[in-house]
Amino acid sequence: MSSIDKVQEEYPEQFCSLLEAAYGEGFLSEGGGEAIDALFNGFGLENKRILDIGAGLGGPAAYLAGRHGAIVTGLEINRPMVDESNRRIPEELRDRLSFVYYDDISRLPFAGASFDLAFCKGVLLHLDTAEKNILFGEIFRVLVPGGSFIISDWLSPEHGRWGERMETIARADNLSIVANTEDDYREVIRKAGFTLVSLGDDNARYARYNDHVADTIDDPATRKRLAPLFSPEYIDRQIWEYRLLAEAIREREMLVRKIVCHRPK
Ligand SMILES: C[S@@+](CC[C@H](N)C(=O)[O-])C[C@H]1O[C@@H](n2cnc3c(N)ncnc32)[C@H](O)[C@@H]1O
């Protein structure tokens, strides 16, 4: 089974409901609008054409279009997510927000130089190094010369191996996550033709987000909302996992990195 087939199975609708309850409507990764603002800090976004690869249920893309006036295309390999994201687009954002399905990382469905900016948040950990090489080459192609590619993701200090806490979390959620290091990313970025602008440490911020997520799920109002979908034992288990994740981040067993690369002119 390809990593794309696996990922499609790893995000069933019910699991996404839990993620949205934890992270906010439309968000399938931590931090909400605050994390998106931090990701694009220093970039002017008004009327910029942005490609969101792995757009999930569209929260980050809608935030960029609604709050920052960007023109955003969300790209997803999960077709039901694309349909749902398109259904949720508010009327006032219909001319600056759209979601597109694709199933081939070697051929993004856009002409060259179509976007000023591209980003991936919480997506690339699902792709192995060979797949990253292919996808980064395509992202390079669809960006304008002088455009930027911004990544936020989970890295490992050790190539091909996660620590015990991360293994426990991946097993419990049946998630296949690839242990790539900073050096792996440097190499993929270089091979695609990008220049690495910065590689920043986001561990402190994301440890805090995950503590907050655990508190949010533990809140009686959230528990009540999730009760028809999940057993109390399952919810307790999720809270425990988010606390373990925060610990893994604090102990640097997992590295949350913001990476900015530039397509030279
Ligand atoms: C943790 S979610 C993050 C979603 C979104 N970026 C967010 O922050 O809300 C990971 C998403 O990546 C998508 N995904 C995984 N591999 C992908 C690929 N090769 N191309 C596009 N999307 C992918 C999954 O379907 C899933 O929606």
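Readers should treat all values here as calculations from the given coordinates under stated rules, not as data from a laboratory. The structure presented is a predicted model; accordingly, all values stated were derived computationally and were not measured. Every residue, glycine among them, receives a Cβ derived from its backbone with ideal geometry; neighbour counts consider all protein chains shown.
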Subset of region 196-229, residues surrounded by 14 or more Cβ atoms within 10 Å (Cβ to Cβ) and among the hydroxyl-bearing types (Ser, Thr, Tyr), comes to Tyr206, Tyr209, Thr216, Thr222
Mind listing whichever residues of region 147-179 are closer than 18 Å to Lys6 by Cα and touching a Leu at 6+ places or on another chain (Cβ under 7 Å)? Ile169, Ile177, Val178
Enumeration of residues in region 166-185 that are without any contact (Cβ under 8 Å) to a residue 24 or more places away in the chain, surrounded by 14 or more Cβ atoms within 10 Å (Cβ to Cβ) and not hydrophobic (A, V, I, L, M, F, W, C): Glu167
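Can you tell me which residue is nearest to the chain's Cα centre (by Cα) among those in region 109-135 that are among the aliphatic types (A, V, I, L, M) and closer than 10 Å to Gly54 by Cα? Give the steps one after another, and end with the answer.
Within region 109-135, the first condition is being among the aliphatic types (A, V, I, L, M), and the residues that meet it are 111, 113, 117-118, 123-125, 127, 130, 134-135.
Filter once more, so that each one left must be closer than 10 Å to Gly54 by Cα: 123-124.
Values: Val123: 4, Leu124: 7 Å.
Checking each candidate, the answer is Val123.
Show me the helices (runs of 4 or more DSSP H) found entirely inside region 152-227 where at least 1 residues are in contact with a strand residue (DSSP E or B) (Cβ under 9 Å, 6 or more places away or on another chain).
164-173, 182-192, 203-218
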Log entry, pairs with first residue in region 72-87 being under 19 Å from Leu19 (Cα atoms) and among the hydroxyl-bearing types (Ser, Thr, Tyr), second being more than 10 Å from the ligand (Cβ to nearest atom) and in a strand (DSSP E or B), beta carbons closer than 7 Å, six or more apart or on different chains, reads Ser85/Phe99
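Collect the residues in region 47-66 that are among the charged types (D, E, K, R) and more than 8 Å from the ligand (Cβ to nearest atom), keeping them in residue-number order. So that I can check it myself, show each step before the final result.
Start the filter on region 47-66 by keeping residues that are among the charged types (D, E, K, R), which leaves 48-49, 52.
Passing the criteria: Lys48, Arg49.
Quickly run through region 119-143 and pick out the residues that are more than 11 Å from the ligand (Cβ to nearest atom), within 22 Å of Ala62 (Cα to Cα) and either in a strand (DSSP E or B) or free of Cβ contacts under 8 Å to residues at least 12 places away in the same chain (or both).
The initial filter retains those residues of region 119-143 that are more than 11 Å from the ligand (Cβ to nearest atom), namely 129-130, 133, 136-137, 140-143.
With the extra rule that they be within 22 Å of Ala62 (Cα to Cα), the set shrinks to 142-143.
Answer for region 119-143, where residues must be more than 11 Å from the ligand (Cβ to nearest atom), within 22 Å of Ala62 (Cα to Cα) and either in a strand (DSSP E or B) or free of Cβ contacts under 8 Å to residues at least 12 places away in the same chain (or both): just Leu143.
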Run Gly146 past the list (1) more than 20 Å from the chain's Cα centre (by Cα); (2) closer than 14 Å to Ala192 by Cα and report the number of the one that doesn't hold. (2)
Flagged in region 107-118 as in a loop (DSSP other than H, G, I, E, B) and not hydroxyl-bearing (Ser, Thr, Tyr), in numbering order, are Arg107, Leu108, Pro109, Phe110, Ala111, Gly112, Ala113
Give the residues of region 149-184 that are polar (S, T, N, Q) and either closer than 19 Å to Gly54 by Cα or under 19 Å from the mean Cα position of the chain (by Cα) (or both), sorted by residue number. Ser152, Ser156, Asn174, Ser176, Asn180, Thr181
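Could you identify the single residue in Gly33, Gly44, Gly69, Gly74 that is more than 13 Å from the ligand (Cβ to nearest atom), at negative phi and not hydroxyl-bearing (Ser, Thr, Tyr)?
Details: Gly33 fails: more than 13 Å from the ligand (Cβ to nearest atom); Gly69 fails: at negative phi; Gly74 fails: more than 13 Å from the ligand (Cβ to nearest atom).
The match here is Gly44.
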